[in-house]
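Novice: Please read through the structure below; I'll follow up with questions.
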């Protein structure tokens, strides 16, 4: 499977919803921890005579994604993508896992307390783990 610029030590799972990643500046060692959904849901208006919206699941821009941090993206533009390592750390299978494991890793690594991370905020809203269906 084509992973774009991403590197993964595991095979791509069939039911993957998204992944937790690390982007590392190989020149300075500065890092960024984030999450990315590989699927997006497009909501369309209902068909004529119907009430429910249509939900279309499509692939997101994950293959070319370089993070949401402005400082990181400026450095990628300035230095070039070849100076950065884009690594998938963990595959997630729903939105809850994606939000939980990103925040857990960011707190565990202390990304806001250290100068060698680009992260400037830990933005999470996580509820109770969903029940299995």
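The values are calculated or read from the model by the stated rules, or taken from the named source; none is laboratory data. No experiment lies behind these values; they were computed from the predicted model shown. Ideal geometry is used to build each Cβ from the backbone, glycine not excepted, and the neighbour counts take in all protein chains shown.
Novice: Quick one: is residue 12 surrounded by 10 or more Cβ atoms within 10 Å (Cβ to Cβ) and assigned to a loop (DSSP other than H, G, I, E, B)?
Specialist: Working: surrounded by 10 or more Cβ atoms within 10 Å (Cβ to Cβ): yes; assigned to a loop (DSSP other than H, G, I, E, B): yes.
Criteria met by residue 12.
Novice: If you don't mind, there's one more thing I want to ask. Which strands (runs of 3 or more DSSP E) does segment 15-118 wholly contain that include 2 or more residues that are under 24 Å from residue 130 (Cβ atoms) and either under 13 Å from the mean Cα position of the chain (by Cα) or at pLDDT 95 or above (or both)?
Specialist: 18-25, 31-37, 39-44, 84-92
Novice: Something else now. Just one of 24, 16 is under 17 Å from residue 97 (Cα atoms) and either out of contact with any strand residue (DSSP E or B) (no Cβ under 6 Å at 6 or more places or on another chain) or in contact (Cβ under 8 Å) with a residue 40 or more places away in the chain (or both); which is it?
Specialist: Values: 24 fails: under 17 Å from residue 97 (Cα atoms).
Within the list 24, 16, the selection yields 16.
Novice: Within segment 66-103, how many residues turn out to be free of Cβ contacts under 8 Å to residues at least 40 places away in the same chain and under 22 Å from residue 9 (Cβ atoms)?
Specialist: The qualifying residues number 2.
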